[in-house]
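Written out below as structure tokens is the structure these notes cover.
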Amino acid sequence: MEKSLVIIKPDAVGKKIIGEIIARFEKEDLTIEKLKMARIDRKLACEHYCEHKDKNFFESLIKYITSDRVVIVVVSGEDAIKKVRSLIGPTDSKKAEKGTIRGDFGTDITINVIHGSDSVKSSSREIKLFFGQN
Ligand code: GTP
Ligand code: MG
């Protein structure tokens, strides 16, 4: 079964929509495999977003994702990666349609509620990074 690593970001925890987000996944017949709350430290955040390390927005991205607690979730199901990404909507909340998670709850391109893995390769790397070997 395909797996996606999801991070419910600090703004979503603050807005008290953890349950709402989890419910949207479960309604699409996705399974919550693993779930934990944590405050991501700088080192882990940099590892997670290392593909962006040379971008001009990297520092604000790291500052934001480490600013408060997050919920880290492994979601599984058929086509889980694509399903999760389509429930989330595009990166910029302002461009995301209503009915998507970012369109309904996001603020902008940084404060965008949630992360979802973008490929099988990143999902397996990210699950290892946040939950260890298995
Ligand atoms: P994640 O699920 O968080 O990985 O978002 P994504 O897959 O939709 O986008 P991507 O992996 O390309 O970027 C990771 C994060 O960097 C995004 O969630 C944004 O917060 C931020 N980001 C990406 N592109 C831009 C940009 O052009 N400007 C700014 N300010 N932030 C960006
Ligand atoms: Mg991404």
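Since every read-out is calculated from the coordinates, none of them should be taken as a lab result. A quick note: this is a predicted structure, and the numbers were derived from the prediction, not measured. Counting neighbours? That spans all protein chains shown, and the Cβs are built from the backbone with ideal geometry, glycine included.
Sort the following peptides by mean Cβ neighbour count (other Cβ atoms within 10 Å, averaged over residues), highest first: 54-64, 123-133. Could the numbers behind the result be given before it?
Values: 54-64: 12.6, 123-133: 15.4.
Those peptides, ordered most packed to least, come out 123-133, 54-64.
Run the simple label-point estimate for Asp92 and Ser76 please: 7 Å along Cα→C-beta, distance reported in nm.
Spacing of the two 7 Å Cα→Cβ label points: 3.7 nm.
Measuring from centroid to centroid over Cα atoms, what is the spacing of the range 72-134 and the range 1-64 in Å?
One Cα centre to the other: 7 Å.
Based on Cβ point charges of +1 for Lys and Arg and -1 for Asp and Glu, what charge dipole magnitude is obtained for the chain about its Cα centre, in debye rounded to the nearest 20? Walk me through the intermediate numbers first.
Numbers: 25 positive and 21 negative charges, 64 e Å.
Here the size comes out at about 300 debye.
Can you pull out the GluC sites (Glu not before Pro) in the range 1-40 that DSSP calls coil and that have at most 15 other Cβ atoms within 10 Å? Don't skip to the end; give the middle numbers.
Working: sites: Glu2, Glu20, Glu26, Glu28, Glu33; in loops: Glu28.
Answer by residue number: Glu28.
Excluding same-chain residues fewer than 8 positions from Lys121, which lysines have a Cα within less than 17 Å of its Cα?
Those lysines meeting the cut-off are Lys3, Lys82, Lys83.
Between Val13 and His52, what is the label-to-label distance in nm when each label sits 7 Å out along the Cα-to-Cβ direction?
Spacing of the two 7 Å Cα→Cβ label points: 1.8 nm.
Taking a cut-off of 22 Å, what percent of all Cα-Cα pairs in the range 2-131 are separated by more than that? Walk me through the numbers on the way to the answer.
Working: 2444 of 8385 pairs.
For the range 2-131, the fraction of Cα-Cα distances above 22 Å is 29 percent.
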